Amino acid sequence: MTFQATYNWYALYTKSRAEKAVFDRLIEQNIEVYLPLQRKLRRWSDRKKWVEVPYINSYVFVNVSEKEYYNVLNTQGAVRYITFEGKAAPIPDWQIEAMKKIIDSDQMFHFSSQRFRKGEKILIEEGALAGYSGEVIHDSDGKKKILIRIEQIGYSLVVEMDILEIKKVKS
């Protein structure tokens, strides 16, 4: 009988501006890690340069087994796992996959730490996120935005979508 390790995604809080270094160190340890990056133009007094910066400051996402769980915390720059009621809060695979699909697509989006309480539950029927559910957010300009909440880290992924690509989910 072979033992099959169970892997879970967790949000790992890092020291300020240490996300890339922690990412590299975890890769060296053969840990599956995800660091969503964006390109931004930085300006200095003497030059401009495109740089890659994290979408979410001080977070990387790790997919680890129980055996690897504590070793990750020994990584230089790693601070702690994000917890809920004193325990590290696993992030469902579908939330990590949705984040990857959005970031890799041409879809307009932004991350938000704002808590959204109102909004209809929806199912996305078309596009890169077909099959995922979320909430409709009404902006002051009347555009529809879709919210995919990652509760464990207190962030939400907000995506502009054509209203024709979604349908209302009945309660």
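The values are calculated or read from the model by the stated rules, or taken from the named source; none is laboratory data. Given the structure is predicted, the values throughout are model-derived calculations rather than measurements. Cβ atoms come from the backbone with ideal geometry, glycine included; neighbour counts cover every protein chain shown.
Counting only residues that are touching a helix residue (DSSP H, G or I) at 6+ places or on another chain (Cβ under 8 Å) and within 25 Å of Ile102 (Cβ to Cβ), how many does region 11-36 have?
Number satisfying all stated conditions: 9.
Given the conditions (1) more than 16 Å from the chain's Cα centre (by Cα); (2) aromatic (Phe, Trp, Tyr); (3) surrounded by 14 or more Cβ atoms within 10 Å (Cβ to Cβ), and given that Trp44 satisfies all but one, which numbered condition is not satisfied?
(3)
Does region 63-82 contain at least one residue that is among the basic types (Lys, Arg), under 22 Å from Asp106 (Cα atoms), surrounded by fewer than 15 Cβ atoms within 10 Å (Cβ to Cβ) and within 20 Å of the chain's Cα centre (by Cα)?
We begin by selecting, within region 63-82, every residue among the basic types (Lys, Arg); these are 67, 80.
The next check asks that each one be under 22 Å from Asp106 (Cα atoms); those that pass are none.
For region 63-82, residues among the basic types (Lys, Arg), under 22 Å from Asp106 (Cα atoms), surrounded by fewer than 15 Cβ atoms within 10 Å (Cβ to Cβ) and within 20 Å of the chain's Cα centre (by Cα): absent.
Could you tell me whether region 23-31 includes any residue that is at pLDDT below 95 and not hydrophobic (A, V, I, L, M, F, W, C)?
Going residue by residue through region 23-31, those that are at pLDDT below 95 are none.
Looking for residues that are at pLDDT below 95 and not hydrophobic (A, V, I, L, M, F, W, C), one finds none in region 23-31, hence no.
Does Val33 fit the bill of being crowded, with 17+ Cβ neighbours inside 10 Å, in contact with a Leu (Cβ under 6 Å, 6 or more places away or on another chain) and either assigned to a strand (DSSP E or B) or not aromatic (Phe, Trp, Tyr) (or both)? Show your work before the answer.
Working: crowded, with 17+ Cβ neighbours inside 10 Å: yes; in contact with a Leu (Cβ under 6 Å, 6 or more places away or on another chain): yes; either assigned to a strand (DSSP E or B) or not aromatic (Phe, Trp, Tyr) (or both): yes.
Yes.
Only residues that are surrounded by fewer than 19 Cβ atoms within 10 Å (Cβ to Cβ) and small (Gly, Ala, Ser): list them for region 89-99, please.
Ala89
When you look at Tyr81, is it aromatic (Phe, Trp, Tyr) and over 27 Å from Ala128 (Cα atoms), yes or no?
Values: aromatic (Phe, Trp, Tyr): yes; over 27 Å from Ala128 (Cα atoms): yes.
It is true that Tyr81 is aromatic (Phe, Trp, Tyr) and over 27 Å from Ala128 (Cα atoms).
Hey, does region 12-24 have a residue that's surrounded by fewer than 17 Cβ atoms within 10 Å (Cβ to Cβ), aliphatic (A, V, I, L, M) and over 17 Å from the mean Cα position of the chain (by Cα)?
yes
Filter region 100-125 down to residues that are surrounded by 12 or more Cβ atoms within 10 Å (Cβ to Cβ) and more than 17 Å from the chain's Cα centre (by Cα) and give me whichever is modelled with the lowest pLDDT.
Out of the qualifying residues, it is Gly119.
May I ask you to list the residues in region 154-171 that are at pLDDT 70 or above and out of contact with any Leu (no Cβ under 9 Å at 6 or more places or on another chain)?
Residues satisfying the conditions are Gly154, Tyr155, Glu160, Lys170.
Which one is farthest from Thr6 (Cα to Cα), of the residues in region 50-78 that are hydroxyl-bearing (Ser, Thr, Tyr) and assigned to a helix (DSSP H, G or I)?
Checked region 50-78; the qualifying residue farthest from Thr6 (Cα to Cα) is Tyr70.
Do we have Ser133 as at pLDDT below 75 and more than 30 Å from Asn30 (Cα to Cα) here?
Criteria not met by Ser133.
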